[in-house]
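Below is one structure; the comments refer to it alone.
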Amino acid sequence: MPIKPILDVIKNSLDKQFTIEFPEDNEEKADNYKGLHRLDLDTCISCAACQRICPNQTIEMVEVPSKGNRKMPQINWERCLFCALCEEVCPVHCLILTKDTQYEVYDRRDLLKRPEELR
Ligand code: SF4
Ligand code: SF4
């Protein structure tokens, strides 16, 4: 019977744990860490500057019925580079990148976030 695999299991079970349980997220993030977007629908002026500057065509301006069908950014997190250019260019600071990183989904189509979902 091979003894090495058994010894490896024993050794690994005694080693320090390097991973954390999902979805627990205790990782310390740097001050300038850029995670998921948050949009303030009441402040957005529908200027589309965020859409124009996005280097990966991640943002599409879509109508928001609760705001008189004004167009606001819909963001596809599947394409996002988290470069924060959209945050920097926003003239009223209503679009920010938070430190939130938890956007796991079962269906990749759920990574397309309407303005109302960016809260
Ligand atoms: S963070 Fe960068 S890639 Fe993502 S939506 Fe904003 S500008 Fe586009
Ligand atoms: S989020 Fe900011 S940059 Fe984008 S449309 Fe609204 S006001 Fe303009």
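The rows are residues; the columns are (1) among the aromatic types (Phe, Trp, Tyr); (2) over 24 Å from Phe82 (Cα atoms); (3) at pLDDT 90 or above; (4) open to solvent by 70 Å² or more (accessible area, probe 1.4 Å).
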| site | (1), (2), (3), (4) |
| --- | --- |
| Ser13 | no, yes, no, yes |
| Lys16 | no, yes, no, yes |
| Glu21 | no, yes, no, yes |
| Asp25 | no, no, no, no |
| Ala30 | no, no, no, no |
| Leu36 | no, no, yes, no |
| Leu39 | no, no, yes, no |
| Asp42 | no, no, yes, yes |
| Ser46 | no, no, yes, no |
- Item | Residue list for the stretch 48-66, filter: open to solvent by 60 Å² or more (accessible area, probe 1.4 Å) and outside any loop (DSSP other than H, G, I, E, B) | Gln51, Arg52, Ile53, Glu60, Glu63, Pro65, Ser66
- Task: Look through Cys83, Cys50, Cys90 and report the one residue that is under 16 Å from Lys113 (Cβ atoms) and within 20 Å of the chain's Cα centre (by Cα).
- Result: Cys50
- Query: What pairs can you find where one residue is in the stretch 35-48 and among the aliphatic types (A, V, I, L, M), the other is open to solvent by 20 Å² or more (accessible area, probe 1.4 Å) and within 6 Å of ligand 2 (Cβ to nearest atom), and their Cβ atoms are less than 6 Å apart, with a gap of 6+ or different chains?
  - Reply: Ile45/Val92
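The values are calculated or read from the model by the stated rules, or taken from the named source; none is laboratory data. Quick caveat, the model's predicted, so the values are computed rather than measured. No Cβ is skipped: glycine too gets one built from the backbone with ideal geometry, and neighbour counts run over all protein chains shown. Just so you know, the surface numbers come from the protein's heavy atoms only, side chains and all, with ligands and any DNA or RNA stripped out. Shrake-Rupley method; radii C 1.70, N 1.55, O 1.52, S 1.80 Å.
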